[in-house]
1. Cα-Cα over 24 Å: which of Lys6/Lys59; Lys6/Lys60; Lys34/Lys62; Lys34/Lys60; Lys27/Lys59?
2. In what sequence, highest mean first, do 45-58, 76-89 appear when ranked by Cβ atoms within 10 angstrom?
3. With the Cα gyration tensor of the range 9-92 giving a ≥ b ≥ c as the square roots of its eigenvalues, does the rule (a/c under 1.5 for rounded; else a/b larger than b/c for prolate; else oblate) give rounded, prolate or oblate?
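What follows is calculated from the coordinates using simple rules that are stated; it is not laboratory data. Because the structure is a prediction, the values reported are computed rather than measured. All Cβ positions, even for glycine, are placed from backbone atoms using ideal geometry, and neighbour counts span all protein chains on display.
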Amino acid sequence: MKRGQKPSAEQVVVLLRQIEVQAAQGKSIALACKNADVFEQSYRCWRNAYGGLKIDQAKKMKDLERENARLRRLLVDLSLVGQVLADVASENLQPPSDAGTRWTASGIGAPRASWATSACAG
């Protein structure tokens, strides 16, 4: 595997098995990691994460992690949409401060003063 390239879950499980087989044959973990072209620190992190998993289990775990991340993003999006809708609804429910005659007069296209006098005149 090339340096700087992140291995898939299946590749990690295969590498862990190779290193464990070499360690069981009497080689040190450092030498087994070097033969597998893996840093010892990466091996230890992978062993903690994928320790006793089989290849299909590791793949399923990665799929579940991806699905979980997708669902979390959806939840955040929905909560943001809900917050925006709540803000808009609270703004729309408050009546304007001059909702009385000004709105009515402008609704018929007449200035406020002329509307009041013409309506009273009859």
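1. Lys34/Lys62; Lys34/Lys60; Lys27/Lys59
2. Top of the packing list down: 45-58, 76-89.
3. It comes out prolate by the Cα gyration axes.
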